[in-house]
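The values are calculated or read from the model by the stated rules, or taken from the named source; none is laboratory data. Owing to the predicted nature of the structure, the values given are computational and were not obtained by experimental measurement. Reconstructed Cβ throughout: ideal geometry from the backbone, glycine too, with neighbour counts over all protein chains shown. For accessibility, only protein heavy atoms count, side chains too; no ligands or nucleic acids. Shrake-Rupley method; radii C 1.70, N 1.55, O 1.52, S 1.80 Å.
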Amino acid sequence: MTDAAPIRMTYREACRQAIRDALARDPRCFVMGEDVGLYGGCYAVTKGLLEEFGPERIRDMPLAESVIAGAGIGAAIGGLRPIVEIMTCNFSLLALDQIMNNAATIPHMSGGQFAVPVVIRMATGGGRQLAAQHSHSLEGWYAHIPGLTVLAPGTIEDARYMLAAALDDPNPALIFEHIVLYNAEGELDPAVTSVDIRSARVRRAGGDVTILTYGNSLPKSLAAADVLASEGIEAEVIDLRVLRPLDTATIFASVGRTRRCIIVDEGWKSGSISAEIAARLAEDLFFELDAPIRRICSREVPIPYAAHMEEAALPRTADIIDAARGLVRPA
Amino acid sequence: MSDRLKLDRRHGQHLFREMLRIRAFEAKCVELYQAQKIRGFLHLYDGEEAVAVGIMSALDERDSVVTTYRDHGHAIARGVGMGPIMAEMFGKQEGCSRGRGGSMHIFDRQTRFLGGNAIVGGGLPLAVGTALADQQLRPGAVTACFFGEGAAGEGEFHESMNLASLWKLPVLFVCENNLYAMGVPIELAEADTEIFHKAQAYRIPGEQVDGMNPVAVEFAARRAVESIRAGGGPYFLECRTYRFRAHSMFDAQQYRTRDEIAQWKERDPLARMQAWLLDSHLMSDAELEAIKAEIDREVEAAVAFAEAGTWESEADLERFVQMSEVPQ
């Protein structure tokens with residue numbers, strides 16, 4: 001077989017292709033969400049799919065997040081494989097009871113009698129001047145809940161293949177697609193046809209400091225690593241990919257070598273996933289650390305509209321660079 | 001209209017027996033709660049037996065049941081064994097939910113019994129979902145979704161009713177209107193206290209039923225289920241009933257009078273059914289005694305099963321947080 005050329009596509013197209021594959025492969029699969037059909041998807045992920053698959057497979061829902069999530073959960077219990085779309089994580093708060101008290105809880109609470117193989121996709125994040133009620137990053141919050149698998153695809157490859165892995169898994173999975181990443185373009189290695197939903201990945205190897213991150217903070221971290229390299233600091237950038245369960249083995253292996261760690265997380269700093277990771281490093285890798293852990297998170301404010309204020313509120317590449325310099329070459 | 005409801009000796013005694021099984025089980029629960037064998041919250045079904053029994057009589061093994069935290073009656077009437085239910089309430093791993101859920105969270109895969117939900121209104125979206133799956137995978141199957149009139153205040157009630165109607169999903173919505181949401185009487189909670197009116201707003205056929213009469217409930221249920229199975233979409237039954245006991249074991253019942261309770265007890269479904277069966281010679285005194293004795297034995301056996309049960313190992317605490325397969 002000849003080597004196929006890498007395929008170029010956007011993150012959005014990767015998400016769409018993942019859904020198309022799922023619908024083509026499994027008749028139990030269908031998409032349910034607001035504006036997924038006629039509108040083509042709020043972020044155009046499902047554009048064209050209604051025409052291709054019909055209204056039974058691409059189901060436009062009323063604006064009713066609780067029943068959108070809950071019916072998806074019930075349908076999954078009943079033998080279908082719904083791909084629930086909550087338009088953005090900002091609206092998911094209306095579905096939180098169904099996600100936490102039903103999806104995450106029923107398997108354990110029923111003594112293992114019922115699995116909930118539902119997949120819920122949500123757009124997440126800030127950076128498009130959509131103001132406070134449309135700019136949350138709640139994936140870290142959801143990662144607090146036992147029973148859920150929480151996924152944050154940060155690359156085209158993960159956008160393309162995480163969905164299939166989540167659908168194959170018997171557990172409820174949340175997939176957080178960052179709104180800024182939808183337009184990102186990249187190449188898919190044709191040799192890769194699946195990904196796992198358990199491991200973190202080293203996206204850039206380095207020996208001086210480990211940067212742990214996910215989602216739209218990944219490109220910022222990689223950009224920071226490039227600048228740092230020109231100064232002779234080699235940062236290892238790890239894409240967490242899976243926020244629950246955390247791949248502590250990969251995290252510890254890296255930080256155990258570099259002995260310095262920066263966590264870049266778009267959630268608000270207090271009680272965030274970065275706080276969880278920092279706690280685990282302090283608990284289990286304390287004696288390997290040569291410097292305090294640094295966290296670059298969103299400022300503890302509702303995310304504002306004005307461009308410069310929003311930029312100041314969200315994690316900044318410059319702050320990642322400064323943190324790395326401070327750790328590797330303390331004054 | 002179905003002619004399958006034959007109120008003959010066999011069926012009449014069946015309805016009576018099923019209600020008495022529930023009543024006897026609940027009485028035993030009170031005893032065991034006071035003896036601290038059962039802990040946490042305990043919500044008893046005394047007075048409402050006709051609803052669970054009447055509805056379940058119209059369902060078959062294809063169907064699914066979603067209910068509230070006041071779920072013992074539904075579970076028993078659905079065919080979940082008294083032993084596993086009692087063991088569950090004791091917290092034993094031989095309980096239907098491995099002791100993980102307790103009184104409020106009876107789950108049973110065999111009988112498609114999906115809880116046991118402690119969030120008021122939280123089961124309705126779930127029921128809409130199982131009905132959606134049934135529509136695709138098991139046409140003809142129905143999901144019976146029980147909830148109290150208090151749930152009609154929750155947003156999830158409205159979202160679920162609307163979607164079920166829109167997509168013509170096979171849900172039998174059963175509102176057990178016992179007039180009190182914990183201690184709030186319906187007049188303080190609902191602008192329209194005739195709950196079945198809400199069904200009309202969603203274009204769901206709905207009726208009010210005498211929830212103290214198992215025959216009335218079953219008759220309405222059969223008609224509703226037949227309509228749903230034929231693809232008629234969801235149906236709504238508001239069963240007017242009353243709980244003779246407190247909301248739970250912690251309730252001082254300051255919100256209602258003894259007189260009111262006494263008045264409703266005159267309509268006790270069990271007493272009335274018993275009297276009617278005896279008067280109509282559809283049950284003899286001897287048969288009545290035999291039924292009671294059999295039920296007493298069944299309840300005692302359930303308690304013995306629970307007592308003999310074992311505690312799940314702490315080492316298994318994280319088991320089933322995530323599943324390795326889809327068992328259902």
Complete set of residues in the stretch A:233-274 that are closer than 24 Å to A:GLU310 by Cα, out of contact with any Phe, Trp or Tyr (no Cβ under 9 Å at 6 or more places or on another chain) and hydrophobic (A, V, I, L, M, F, W, C): A:ILE262, A:ILE263, A:TRP268
Boolean, A:ALA253 is modelled with pLDDT of 95 or more, in contact with an Asp or Glu (Cβ under 7 Å, 6 or more places away or on another chain) and closer than 15 Å to A:VAL202 by Cα: no
Close pairs (8 angstrom Cβ cut-off, 6 or more residues apart or separate chains): at negative phi in the stretch B:275-304, open to solvent by 70 Å² or more (accessible area, probe 1.4 Å) anywhere: B:LEU278/B:ASP285; B:LEU282/B:ARG9; B:LEU282/B:TRP276; B:MET283/B:ARG9
All positions within the stretch A:250-301 that are acidic (Asp, Glu) and either part of a helix (DSSP H, G or I) or surrounded by fewer than 23 Cβ atoms within 10 Å (Cβ to Cβ) (or both): A:GLU276, A:GLU283, A:ASP284, A:GLU288, A:ASP290, A:GLU300
Residue identified as farther than 30 Å from B:GLU156 by Cβ and not hydrophobic (A, V, I, L, M, F, W, C) among A:GLU51, A:GLU65: A:GLU51
Some residue of the stretch B:203-211 being farther than 25 Å from B:LYS6 by Cβ, without any contact (Cβ under 8 Å) to a residue 40 or more places away in the chain and either of a type in the set (Gly, Ala, Ser) or open to solvent by 30 Å² or more (accessible area, probe 1.4 Å) (or both): yes
From B:GLY99, B:GLY95, residue being more than 7 Å from every other protein chain (Cβ to nearest Cβ), at pLDDT 95 or above, open to solvent by 10 Å² or more (accessible area, probe 1.4 Å) and under 16 Å from B:PHE320 (Cα atoms): B:GLY99
Whichever residue in the stretch A:97-120 is open to solvent by less than 10 Å² (accessible area, probe 1.4 Å) and either more than 10 Å from chain B (Cβ to nearest Cβ) or β-branched (Val, Ile, Thr) (or both) and, among such residues, is farthest from A:PRO82 (Cα to Cα): A:ILE106
Within the stretch A:152-172, tally of residues that are outside any loop (DSSP other than H, G, I, E, B) and either touching a Ser or Thr at 6+ places or on another chain (Cβ under 8 Å) or within 14 Å of another protein chain (Cβ to nearest Cβ) (or both): 7
Hey, A:LEU23 open to solvent by less than 60 Å² (accessible area, probe 1.4 Å), under 18 Å from B:LEU137 (Cα atoms) and part of a helix (DSSP H, G or I) or not: yes
All positions within the stretch A:215-244 that are over 13 Å from the mean Cα position of the chain (by Cα) and assigned to a strand (DSSP E or B): A:ALA235, A:GLU236, A:VAL237, A:ILE238
Of the criteria (1) under 30 Å from A:PRO107 (Cβ atoms); (2) assigned to a helix (DSSP H, G or I), which one B:GLU260 fails: (1)
Count of residues meeting criterion [of a type in the set (S, T, N, Q) and assigned to a helix (DSSP H, G or I)] in the stretch A:133-147: 1
Top-ranked residue in the stretch A:30-58 [being closer than 29 Å to A:ASN101 by Cα and open to solvent by 20 Å² or more (accessible area, probe 1.4 Å); ranked as farthest from the chain's Cα centre (by Cα)]: A:GLU56
Test: residue in the stretch A:80-87 that is more than 14 Å from chain B (Cβ to nearest Cβ) and within 30 Å of B:ARG62 (Cα to Cα): yes
Of all residues making up the stretch B:294-318, the number that are open to solvent by 40 Å² or more (accessible area, probe 1.4 Å) and not in a loop (DSSP other than H, G, I, E, B): 13
Residues (among the aromatic types (Phe, Trp, Tyr) and over 30 Å from B:PRO205 (Cβ atoms)) located in the stretch B:229-262: B:PHE244, B:PHE250, B:TYR255
Count - residues of the stretch B:102-136 that are open to solvent by 20 Å² or more (accessible area, probe 1.4 Å), more than 8 Å from every other protein chain (Cβ to nearest Cβ), in contact with a helix residue (DSSP H, G or I) (Cβ under 7 Å, 6 or more places away or on another chain) and under 13 Å from B:TYR69 (Cα atoms): 1
Count - residues of the stretch B:186-237 that are closer than 24 Å to B:PRO125 by Cβ, basic (Lys, Arg) and outside any loop (DSSP other than H, G, I, E, B): 2
Residue count, the stretch A:1-20 (criterion: open to solvent by 70 Å² or more (accessible area, probe 1.4 Å) and among the aliphatic types (A, V, I, L, M)): 3
Condition check for B:VAL30: open to solvent by 10 Å² or more (accessible area, probe 1.4 Å) and either more than 21 Å from B:LEU124 (Cβ to Cβ) or small (Gly, Ala, Ser) (or both): yes
